[in-house]
Amino acid sequence: MNFGYLIVVATSAEHNYAQLAYALALSIKNTQKPGYDKVALVIDDKSQIENFNSPWVFDEIIEWDKKGHWDGRSYMDELSPWEHTVCLDADMLFFRDYSHWIDYFIKNSELYIANTAYTYRGELVTSDIYRRTFTKNSLPNLYSFFTFFKKDSILAAEFFMLQRSIMDNPNEYINMFLKEHTPKVIGTDEAFSIAAKILDITDEIAYPMQFPRVVHLKGGVQNWPWPANKATDHVGYYLNDKGKLKIGSYQQNDIVHYVEKDKVTLETINVLEELVWKS
Amino acid sequence: MEELEEFMPDFDEWLKNYVEPERKFGAAFEPDTGQLVCVGPFVAVQLEYEHITEIDEDIAVKIIDGEIKISNCFFDTNEGKFEITEEKVLNKIDDVLHRIVDKRWTDDCKPDIYLTYNKDAKTLKVELSEEFNGTKVLDNEWQPAGKRKMFWSGETILSFTVADYNDPHFPQQMFDVKLEDLNEKFVVIDDVDITGKFSIFTRRLFKNYVLEEI
């Protein structure tokens, strides 16, 4: 079996995405079984990871600078060194083993894209406050933050080729698919959803499943009866020395998409590094 | 009618020579506490109060308009300076349950409250920055340290909870320190017997808290 995770980052003036990717890779090494814990990093400037204490947590490092910011994820199928890949957003952390689900995907799927998200209390996110574009335009609710694909799949190849075309030629698709609540920039999620709609493959690539369970920590989707910009203004974010995370008083056992980039500090990195070194 | 016209000034001439009277605002204060009690035109305030000081018009207008609460305004009778205190509103979880950062993980943080945990002696020393008249001498990068004026209502208490590392759900010990006890002195808490890695949480009355383990 040739399976691995893929993280695509680029230099940003606002955030240190290389450090976020490093934290995610450390958390994968800390929680996944051998054989299911490989991580490939795509980065536009390798020098950003030279100072990390354990850059070996990246099994593959691919220097690639053809696209900036998040857009590199559109090329995940071409960039991944793995036969079977799960491409993740950098601002996520793992807290338990998911090898059984990876086995399921490898056996049953060529392309699977997350289509649900959860609050820190484990409730299904129902609010569309950040996803009006999807509901107003009847697009499938896809989250690119967890995308499984098989390298030699024709289905995946067609899908990624089309979504790249959407990203590269947004105006051609906006008039047809994003008439209402048109975003200023078409992001990966929108491109994924439009591609799935055009190919009419939503039921094949985003059917209901119990996995992945990703806690989305954007403030507005926590099912709170008050408006919230940042979730951590309202609940504490506590990563202990065993690498276990509590948000408020809720222990997190699922993948956490923490969103607020300042949650990964040098101290957080140190905690995750020590756990990797001990294991 | 003709007589009246004779004494009417020429409006254009009057306007040309008009000098706007100086607007002066005054604030009355309690002589013992410095607490402001009234703000208004200087002459009017002077008629009613004995202890008054002149204040800038823009501040006076803001106080009158309610933009600045008069209860937050003080006159420092020693230095003859007018001060507005910052109103501390605790509305984020980090304000009411703030984890004090370890010195190892902070590079550019000027501490207002500094805690030193001596593992061998099992003591915790609490200090206030020299900027607030405390004993914690700031590092060279923050020198010369200016003096900041703070007014605290009543007995302000700093509450600290020693808990498991980054997990306030498992408290080990709690203690309080009166802010006035940190004025030109420090407080040492004895018998702080902490098991394993720990964090200290507090209500965030100051901006920056730093913890050092020695």
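Annotations for the structure displayed:
- Residue list for the range B:92-123, restricted to those being surrounded by fewer than 14 Cβ atoms within 10 Å (Cβ to Cβ) and away from chain A (no Cβ under 14 Å): B:LYS119, B:ASP120, B:ALA121, B:LYS122
- Single condition A:ALA228 does not satisfy, out of (1) touching a His at 6+ places or on another chain (Cβ under 7 Å); (2) away from chain B (no Cβ under 14 Å); (3) farther than 22 Å from A:TYR22 by Cβ: (2)
- Matching residues in the range A:124-170 - criterion: being farther than 17 Å from A:ASP71 by Cβ and assigned to a helix (DSSP H, G or I): A:ARG132, A:THR133, A:PHE134, A:THR135, A:LYS136, A:ILE154, A:LEU155, A:ALA156, A:ALA157, A:GLU158
- Residues within the range A:224-240 that are at pLDDT 95 or above, more than 17 Å from A:MET92 (Cα to Cα) and either among the acidic types (Asp, Glu) or within 21 Å of the chain's Cα centre (by Cα) (or both), tallied: 0
- Residues that are under 20 Å from A:ARG164 (Cα atoms) and either modelled with pLDDT under 95 or part of a helix (DSSP H, G or I) (or both) within the range A:70-105 comprise A:TRP70, A:ASP71, A:GLY72, A:ARG73, A:SER74, A:TYR75, A:MET76, A:ASP77, A:GLU78, A:LEU79, listed in sequence order.
- The residues of the range A:255-278 that are free of Cβ contacts under 8 Å to residues at least 24 places away in the same chain and either away from chain B (no Cβ under 12 Å) or of a type in the set (Ser, Thr, Tyr) (or both), listed by number, are A:THR265, A:LYS278.
- Checked against (1) surrounded by fewer than 18 Cβ atoms within 10 Å (Cβ to Cβ); (2) more than 12 Å from chain A (Cβ to nearest Cβ); (3) under 17 Å from B:PHE160 (Cβ atoms), B:LEU128 meets all criteria but (1).
- Of A:PHE148, A:PHE192, A:PHE160, all but one fail to be out of contact with any strand residue (DSSP E or B) (no Cβ under 7 Å at 6 or more places or on another chain) and buried (at least 17 other Cβ atoms within 10 Å of the Cβ); the exception is A:PHE160.
- The test for being at pLDDT 95 or above, in contact with a Leu (Cβ under 9 Å, 6 or more places away or on another chain) and either surrounded by fewer than 19 Cβ atoms within 10 Å (Cβ to Cβ) or of a type in the set (Lys, Arg) (or both) holds for A:ILE62.
- Residue in the range B:27-41 that is in the same structural domain as B:ASN72 (by TED's automatic domain parsing), at pLDDT below 85 and either over 14 Å from B:ASP76 (Cα atoms) or in a strand (DSSP E or B) (or both) present: yes
- Within the range B:188-205, restricting attention to residues that are surrounded by fewer than 18 Cβ atoms within 10 Å (Cβ to Cβ) and under 16 Å from B:ILE113 (Cβ atoms), the residue that is nearest to the chain's Cα centre (by Cα) is B:ARG203.
- Positions within the range A:229-248 being within 16 Å of A:TYR118 (Cα to Cα) and either assigned to a loop (DSSP other than H, G, I, E, B) or polar (S, T, N, Q) (or both), in sequence order: A:THR232, A:VAL235, A:GLY248
- Some residue of the range A:212-223 being over 19 Å from the mean Cα position of the chain (by Cα), touching a residue at least 60 places away in the same chain (Cβ under 8 Å) and surrounded by fewer than 17 Cβ atoms within 10 Å (Cβ to Cβ): yes
- Filter pass, A:GLU180 being in a helix (DSSP H, G or I), acidic (Asp, Glu) and either crowded, with 17+ Cβ neighbours inside 10 Å or away from chain B (no Cβ under 14 Å) (or both): no
The values are calculated or read from the model by the stated rules, or taken from the named source; none is laboratory data. Computed from a prediction, not measured in an experiment: that's the story for all the values here. A quick note on method: Cβ atoms are made from the backbone with ideal geometry, for glycine too, and the neighbour counts reach across all protein chains shown.
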